[in-house]
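Reading through the structure tokens given below for one structure.
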Amino acid sequence: MKILILNGPNLNRLGKREPDIYGSATMEECLATLRTDFPNVELEYAQSNHEGELIDIMQQASDGDMAGIVLNAGAYTHTSVALLDCIRSLSIPVVEVHLSNVHAREDFRHKSLISSACKGIVAGFGMNSYRLAVEALVRLAAAK
Ligand code: DQA
């Protein structure tokens, strides 16, 4: 099975971006670990700082052969009706992921505009948030 891991704005800077909050590991390191841990899953990765591009990528993933999407929409989580509408329109499950526990941070991060359209949410476990989300999608597919 194929799963897309999709990161939104500023997540290309993982490793050097506010390491006290997001850790010092890079996304490349995270992906290498995930690919070892899930040898039977084809993990594709994409990142964009642009809202519309994230939408294009998700639409293409859903119209193709992807089983699900692990989405860290970054700050667009808290602002984007366009991402919400996109996720609602997809035929594959999306798991919302955050490295940090957004509910333990500033008030404006407590509200997610996309959660209601997602299958589930994982937040607060650093890079392990991605691992837990991939596992959830694998189990979801196996239960079908
Ligand atoms: C984040 C949390 C968001 O509030 C923030 O804007 C990010 C990263 C996280 O992974 O913890 O860019 O999605």
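Readers should treat all values here as calculations from the given coordinates under stated rules, not as data from a laboratory. Source: prediction; values computed, not measured. Note: ideal-geometry Cβ built from the backbone for every residue, glycine included; neighbour counts use all protein chains shown.
Observations on the model:
- Candidate set from region 15-37 (those that are polar (S, T, N, Q) and part of a helix (DSSP H, G or I)); member that is farthest from the ligand (Cβ to nearest atom): Thr36
- Scan region 49-81 for residues that are of a type in the set (Val, Ile, Thr) and in contact (Cβ under 8 Å) with a residue 40 or more places away in the chain and the total you get is 4.
- Filtering region 126-144 to residues that are without any contact (Cβ under 8 Å) to a residue 24 or more places away in the chain and more than 19 Å from Glu42 (Cβ to Cβ) leaves Asn128, Ala143.
- Sub-9 Å Cβ pairs linking a first residue in region 84-101 that is without any contact (Cβ under 8 Å) to a residue 12 or more places away in the chain and small (Gly, Ala, Ser) to a second residue that is outside any helix (DSSP H, G or I) and surrounded by fewer than 22 Cβ atoms within 10 Å (Cβ to Cβ), at least 6 apart or interchain, number zero.
- Condition met for Glu44 (more than 13 Å from the ligand (Cβ to nearest atom), of a type in the set (D, E, K, R) and loosely packed, with under 15 Cβ neighbours inside 10 Å): no
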